[in-house]
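Report on the structure given below.
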Amino acid sequence: MLDVYGEKFSNRLLLGSAQYPSPAILSESIKQSQSQIVTVSLRRESGGDLAGQAFWQIIQDLKLKVLPNTAGCYTVKEAVTTAHMAREVFNTDWVKLEVIGEEDTLQPNVFELVEAARILVEDGFKVFPYTTDDLIVAEKLLQAGCEVLMPWGAPIGSGRGLNNPYALKTMRSHFPDTPLIVDAGIGVPSHASQAMEMGFDAVLLNTAVAGAGDPVAMAKAFNLAIEAGLLAFEADPIDARDMAEPSTPMMGKAFLS
Amino acid sequence: MSMKVNIVGAGVAGLSLAWQLAQQGIEVEMFERGSKVGEKACSWFAGGMLAPWCEAENAEPVVLEYGKASLVWWQNALGEDFVDAKGTLVFAQQRDKKELKRFARRTHGYEVVGHDVIASLEPDLASQYQEALFFKNEAHLDPRKALIRLSEVVQKLGVKIHFEQEIEPEDLLPEKVVDCRGFNGAKALEGLRPVKGEMLLVKTNEISLSRPVRLLHPRIPLYVVPRDNQNFMIGATMIENGHGNQFSVRSMLELLGSAYALHPSFAEAEIIEMGVDLRPAFIDNLPRVERKNQIWRINGLYRHGYLLAPYMAKLAADSIINDKDEIEKLADFKLKEDRA
């Protein structure tokens, strides 16, 4: 079970709700993904005063755990304000904290991120920080009171997969007891499998499903891939070797020479 | 045929239906809350593109199927020269070349064209782009001229239009009445939601275009549609939000940034108008015709007003004239596929 901030989930896919061709396709994609946590962007989809009520109603009808995000925030102040609005609008103290540093790569501004996390934890939020794979930043986020870390696979929406598997593996070993969720950069289900095989607790993605030609089918594919990756991790995979090792037992083989 | 039909709302849906009915000799009376055509219609802010092949990139297949016929419908209703059948050009910047490939994969009805064809179609863009998709069967019209012309055409056919009449369809019973009020009629329709759209009109002499141009971008896809007098319509945002009727700074930055990226000469353009309105949409982003006794409702045209209003008008007219209760529901094929 995925255990974050004391809540347990059997499914390991967190799905974003933006950019689908229609709410009907969004809704069906979420069902097929079997995701139990769905992220919602406050800034654009709801306007802060429940004005985006119709869209919000569609999300609510799915009866899932909602994880509001601060997508598109560039400063501590923006992110903190957005988080507070989100708590009001969505009636939850969960927040996916995104503080963007730069437009082309949308990479996190980790300095502002740590500061925003500290403030929000003090304000009683349960913070899910979108961060890099930097261990020191991760350490600071935990010190700030985060109980989950969400390192990137690759830049948001890039679909490149796990850009730096070494760094992610290191992070996994360095924080064996912290729930780690790979967030952003996932393109195809094998990327998500790879993260799960490495022992990550869950995967968060949006564009890979919403931007697919058939989002509903892709959502299902991700669900299967994440389940496969998790099973594989739990089954303790073999190590890669440089040389071949015969898989056929020698016992009982005819000696012909 | 002696039959009378009232229509509430004289936007693209109401006027299309009025034409469809008046053509068949039916007496039509229209009630519009605005003081003139288009004043309070979200179709006033449309791009006016008849571009079903491009829309098929992420719309349901039925949008392409029924959208194709709209070109001929508008030509019949307004006159052939009213519709510019010059196709659509789709570009991406060098760094977003993959977007062009993706768009090509998910659409059809185009040819891949190189520098020479671009130079002959849109000379002003030739220095910027080496490759484009050309959807030659697409067309566009000026939605404002189209609404005004259509209102004149239907009035010639005997349709009466009453302006500044904010009326509930129920007030007109027991006569037949069709509610074409867009998002303003949302109360009567479960699940109708607003999708905010923002558009700009700019004017510049530094560039000329003769057809709609789309610039693909992973975050901010843009279209620019040429209008009379060197005006260009730049659109349009799609925001799941019914809040406010003001242009946001972010939207302005995105639209103008993309227009500037399409061609630097837009930097010198004058901003003539900023338009904001709410598109009515159902959960599948497909329009519907519904009937309850003597009240029909056409709604949910989303971003496909000019493209699908003709077909919805035909559906509604058929149901009204032949007293049909069963009305075709546009199918969301993308969801219906068997996924077991």
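Observations on the structure shown:
- Taking helices (runs of 4 or more DSSP H) as the structural unit, those lying wholly within region A:71-160 and holding at least 3 residues that are of a type in the set (Gly, Ala, Ser), over 15 Å from residue A:180 (Cα atoms) and touching a residue at least 12 places away in the same chain (Cβ under 8 Å) correspond to A:76-90.
- Residue within region B:185-194 that is over 25 Å from residue A:41 (Cα atoms) and either modelled with pLDDT of 95 or more or among the charged types (D, E, K, R) (or both) present: yes
- Options B:310, B:280; residue that is within 14 Å of chain A (Cβ to nearest Cβ) and surrounded by 14 or more Cβ atoms within 10 Å (Cβ to Cβ): B:280
- Once region B:2-21 is narrowed to residues that are outside any strand (DSSP E or B) and not small (Gly, Ala, Ser), the residue that is nearest to residue B:304 (Cα to Cα) is B:12.
- Of the helices (runs of 4 or more DSSP H) that lie entirely inside region B:22-85, those containing 2 or more residues that are under 16 Å from the mean Cα position of the chain (by Cα), touching a residue at least 60 places away in the same chain (Cβ under 8 Å) and within 30 Å of residue B:164 (Cβ to Cβ) span B:70-78.
- Options B:120, B:127; residue that is among the small types (Gly, Ala, Ser), free of Cβ contacts under 8 Å to residues at least 40 places away in the same chain, more than 25 Å from residue B:73 (Cβ to Cβ) and not in a helix (DSSP H, G or I): B:127
- Taking helices (runs of 4 or more DSSP H) as the structural unit, those lying wholly within region A:164-211 and holding at least 1 residues that are hydroxyl-bearing (Ser, Thr, Tyr) and closer than 17 Å to residue A:67 by Cβ correspond to A:207-210.
- Qualifying residue in region A:26-37 (condition: within 14 Å of chain B (Cβ to nearest Cβ), at pLDDT below 90, touching a Ser or Thr at 6+ places or on another chain (Cβ under 9 Å) and crowded, with 17+ Cβ neighbours inside 10 Å): no
- Note on region B:222-246: residues that are more than 11 Å from chain A (Cβ to nearest Cβ) and either crowded, with 17+ Cβ neighbours inside 10 Å or among the hydroxyl-bearing types (Ser, Thr, Tyr) (or both) total 12.
- Looking only at region B:86-106, and only at residues there that are outside any loop (DSSP other than H, G, I, E, B) and of a type in the set (Lys, Arg), the one that is nearest to residue A:160 (Cα to Cα): B:98
- Sole residue being touching a residue at least 60 places away in the same chain (Cβ under 8 Å), assigned to a helix (DSSP H, G or I) and of a type in the set (Ser, Thr, Tyr), chosen from B:260, B:311, B:302: B:311
- Of residues in region A:205-229 being of a type in the set (Gly, Ala, Ser) and away from every other protein chain (no Cβ under 14 Å), the one surrounded by the fewest Cβ atoms within 10 Å (Cβ to Cβ): A:228
- Selection from region A:5-20 of residues that are surrounded by fewer than 21 Cβ atoms within 10 Å (Cβ to Cβ) and either in contact (Cβ under 8 Å) with a residue 12 or more places away in the chain or assigned to a loop (DSSP other than H, G, I, E, B) (or both): A:5, A:6, A:7, A:9, A:10, A:11, A:18, A:19
- Filtered residues of region A:80-107 (kept if closer than 23 Å to residue A:154 by Cβ and in contact with an Asp or Glu (Cβ under 7 Å, 6 or more places away or on another chain)): A:99
- Only a single item in (1) over 14 Å from residue A:159 (Cα atoms); (2) more than 14 Å from chain B (Cβ to nearest Cβ); (3) surrounded by 22 or more Cβ atoms within 10 Å (Cβ to Cβ) is not met by residue A:232, and it is number (3).
- Criterion (buried (at least 19 other Cβ atoms within 10 Å of the Cβ), out of contact with any Ser or Thr (no Cβ under 9 Å at 6 or more places or on another chain) and under 21 Å from residue B:219 (Cα atoms)) met by exactly one of A:192, A:154: A:154
- Restricting A:216, A:148 to residues that are closer than 15 Å to residue A:98 by Cα and not small (Gly, Ala, Ser) narrows the list to A:148.
- Per-region count, region B:94-132, residues within 13 Å of chain A (Cβ to nearest Cβ) and under 18 Å from residue B:264 (Cα atoms): 2
- Among residues of region B:283-305 being away from chain A (no Cβ under 14 Å) and under 20 Å from the mean Cα position of the chain (by Cα), the one that is surrounded by the fewest Cβ atoms within 10 Å (Cβ to Cβ) is B:297.
- The single condition among (1) more than 10 Å from chain B (Cβ to nearest Cβ); (2) at pLDDT 90 or above that residue A:42 does not satisfy is (2).
- Top-ranked residue of region B:49-66 - restricted to ones that are small (Gly, Ala, Ser) and modelled with pLDDT under 95, ranked as farthest from residue A:19 (Cα to Cα): B:56
- Near pairs, Cβ below 7 angstrom, 6+ apart or cross-chain, from region A:216-233 (closer than 12 Å to residue A:205 by Cβ and without any contact (Cβ under 8 Å) to a residue 40 or more places away in the chain) to any residue that is surrounded by 20 or more Cβ atoms within 10 Å (Cβ to Cβ) and of a type in the set (S, T, N, Q): A:225/A:193
- Put simply, of B:51, B:22, B:59, B:13 the only residue that is in contact with a Cys (Cβ under 6 Å, 6 or more places away or on another chain), of a type in the set (Gly, Ala, Ser) and crowded, with 17+ Cβ neighbours inside 10 Å is B:13.
The values are calculated or read from the model by the stated rules, or taken from the named source; none is laboratory data. These figures come from a predicted structure and were not determined experimentally. Cβ atoms come from the backbone with ideal geometry, glycine included; neighbour counts cover every protein chain shown.
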